[in-house]
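Trainee: Would you mind keeping the following structure in view while I ask a few things?
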Amino acid sequence: MSLKKYFSAYTRLGKDARLLLISSTISGVSWGLYGSIWQLFLKQAGYGGTVIGYYSFLQGITTTVLIFPFGMLADRISRKKQTVVGSLIGSLSTLIILMSTSLYMITVSALLSGISGAIVAPAWNALFAETIEDAGMEAGYGLSAFLGNIAMAFGSLLGWVPELIVRYSSLGYFGAYRCSLLFPLSMGFVSLVPIILVKERFRPVSRPIFKFKAGTIAAKFSFVNAIVGFGAGLSIPLLPYFFSVKFGVESGPIGTLYAISSVIGAPAFLASAPLAQKMGIIKGILIPSGISIPLLILIPFSPSFYVAAGLYIPRTILMNMSHPLISALLMRLSPEDERASITSITHLARSLPNSFSQQIGGYVMENIGLDIPLFLTSGVYFIYIVAFYMLFR
């Protein structure tokens, strides 16, 4: 399948699919900046890896507890309305942390962010799957990931904005990060406009709450998601903090790294489906993921930030290029009236161990050894690859 065919598939997507892609692209720009600076914002507020891990843990555990009921709710009410409400709650979370960085307000912000994730994730995924079903799941999710990566790259480059504010104003890094977070806050509201314009086709049906036609599929995906979620949480969300402490860099270089990784990695999402078509979807998922593990192991041995960045970029591309295939496979195997529920189950299976492992990883980085969580992640990723192969071969 050629790149030209992928872009022709995009032209076949309907108006509603394009509106959702516009919304997710706007959100991608916001998250690109937010992801580059929020940990550094807390670091400048005087907190270390333990509190950063605590925020991630609380956010993740809240999503985990609530995502299943909200997933079932999305299969029984309007998925569009649920997405809008959840997004508004996410914006409120950002607003709160801008108002105060007291531990109490950090806790409230984390809780609201977790609630937002639980509401939005299953509803948006099911809504998007509905809009791309005719054009093709693999192409739809591949294009979504492609555009999302480009948007994240642009947002990550905005990580230089705080650096410029510090250089050309009287503000320090704390004030510069706070001002910069106003951008993702405002873009959160802008991204709602395309969603509101979507015409939802799905009509919910009444059925028993805990009866699933795709229960076996949900169980298999949940098992492997739990493994990879735990492994990722030990270090991957904490990498901005890791780079800052180990190499003494701030948001500019880190944001640039994330931007370069996103730009270079974007075409890989388009290549994932033809790769799977050539070698089979299971190999298309597992081979790139397996190659990424040695690169992650080498990052702690890097003598400089630039060497670490040179390892981080291909590692991230290889590990992430399977995501559209996994999403497409899950949605294709799930009945339309269970997609939000199945999404919530598999997301829960990933986010619960991920929440605990982020807390563990943050504590280990700060108190035991900065490099250790990356080695632990590598080991768990290997177990994930073996488990995925055994279940889906």
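Trainee: (1) over 22 Å from S344 (Cα atoms); (2) at pLDDT below 80; (3) within 24 Å of the chain's Cα centre (by Cα): which one isn't true of S186, the others all being true?
Mentor: Unmet for S186, out of (1) over 22 Å from S344 (Cα atoms); (2) at pLDDT below 80; (3) within 24 Å of the chain's Cα centre (by Cα): (2).
Trainee: If I ask for residues that are surrounded by fewer than 18 Cβ atoms within 10 Å (Cβ to Cβ) and not in a loop (DSSP other than H, G, I, E, B), which ones from region 298-313 would you list?
Mentor: Within region 298-313, L298, F301, Y306, V307, G310 qualify.
Trainee: Mind listing whichever residues of region 335-376 are under 16 Å from G48 (Cα atoms) and touching a Leu at 6+ places or on another chain (Cβ under 9 Å)?
Mentor: Q358, Q359, I360, G361, G362, V364, M365, P373
Trainee: Next up: Criterion first (under 21 Å from F392 (Cα atoms), more than 17 Å from the chain's Cα centre (by Cα) and in a helix (DSSP H, G or I)) does K246 satisfy it?
Mentor: So K246 does not fit the description; no.
Trainee: In this structure, does G265 turn out to be surrounded by 17 or more Cβ atoms within 10 Å (Cβ to Cβ), closer than 11 Å to S322 by Cα and at pLDDT 80 or above?
Mentor: no
For (1) over 17 Å from I345 (Cα atoms); (2) out of contact with any His (no Cβ under 9 Å at 6 or more places or on another chain), each residue gets a yes or a no:
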{"position": "Y55", "(1), (2)": "yes, yes"}
{"position": "L58", "(1), (2)": "yes, yes"}
{"position": "T64", "(1), (2)": "no, no"}
{"position": "M72", "(1), (2)": "no, yes"}
{"position": "S78", "(1), (2)": "yes, yes"}
{"position": "S87", "(1), (2)": "yes, yes"}
{"position": "L95", "(1), (2)": "yes, yes"}
{"position": "L98", "(1), (2)": "yes, yes"}
{"position": "I106", "(1), (2)": "yes, yes"}
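Trainee: Is there any pair with a first residue in region 370-393 that is free of Cβ contacts under 8 Å to residues at least 12 places away in the same chain and a second that is surrounded by 15 or more Cβ atoms within 10 Å (Cβ to Cβ) and assigned to a helix (DSSP H, G or I) whose Cβ atoms are under 9 Å apart and which are 6 or more apart or on different chains, and what are they?
Mentor: As it stands, the answer is I372/P300; I372/G361; I372/V364; I372/M365, since those pairs meet every condition given.
Trainee: Here is a further query. Kindly evaluate T131 against the criterion of being polar (S, T, N, Q), closer than 30 Å to G284 by Cβ and crowded, with 17+ Cβ neighbours inside 10 Å.
Mentor: For T131, the condition - polar (S, T, N, Q), closer than 30 Å to G284 by Cβ and crowded, with 17+ Cβ neighbours inside 10 Å - is met.
Trainee: Across region 335-369, what is the number of residues that are charged (D, E, K, R) and either within 17 Å of the chain's Cα centre (by Cα) or surrounded by 22 or more Cβ atoms within 10 Å (Cβ to Cβ) (or both)?
Mentor: 3
Trainee: Please go through (1) more than 25 Å from G35 (Cα to Cα); (2) modelled with pLDDT under 90 for I196 and return the number of the only condition it doesn't satisfy.
Mentor: Answer for I196: the failing condition is (2).
The values are calculated or read from the model by the stated rules, or taken from the named source; none is laboratory data. Everything quoted here is computed from the prediction, not taken from an experiment. When we count neighbours, we look across all protein chains shown, and the Cβ atoms used for this are built from the backbone with ideal geometry, even at glycine.
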